[in-house]
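K.L.:
Attaching a single structure in structure tokens format; questions to follow.
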Amino acid sequence: MGSMKGYTDYKRREYCNDVQCPVQLLLNKEMEKSPKYEEIRAICASHCLHSTHEFHHWLTEKGYLIVRPKGE
């Protein structure tokens, strides 16, 4: 699904960078897809330091809308 006209999409890891997640700060120092990067990224995938509640609150605080097509 593409962007909705007049809106901007959430950019990957925008939340992580904005809240200065320590794991994200480590990721930012590594080359994407390098072995070290993937090792650190695995922490995010299985042991994220933040909750979905925190992420959702941040999204609404920043003015993001969560939408889906009608009928799904």
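K.L.:
When the residues of the stretch 27-61 are filtered to those that are basic (Lys, Arg) and out of contact with any helix residue (DSSP H, G or I) (no Cβ under 8 Å at 6 or more places or on another chain), which remaining residue is farthest from residue 6 (Cα to Cα)?
P.N.:
Filtering first and then ranking leaves 36.
K.L.:
Looking at the stretch 1-33, which of its residues are loosely packed, with under 11 Cβ neighbours inside 10 Å, polar (S, T, N, Q) and more than 27 Å from residue 68 (Cβ to Cβ)?
P.N.:
Within the stretch 1-33, just 20 meets the criteria.
K.L.:
I would also like to ask the following. Can you list residue pairs whose Cβ atoms sit under 6 Å apart, with the first residue in the stretch 30-56 being free of Cβ contacts under 8 Å to residues at least 60 places away in the same chain and the second being in a helix (DSSP H, G or I) and not β-branched (Val, Ile, Thr)? Count only pairs 6 or more apart in sequence or on different chains.
P.N.:
Pairs found: 30/36; 30/37; 40/26; 40/27; 55/15.
Every read-out reported here was derived from the displayed coordinates using simple, explicitly stated rules and does not represent laboratory data. These numbers come from a predicted model, not from an experiment. With ideal geometry, Cβ positions are generated from the backbone for all residues, glycine too; neighbour counts draw on all protein chains shown.
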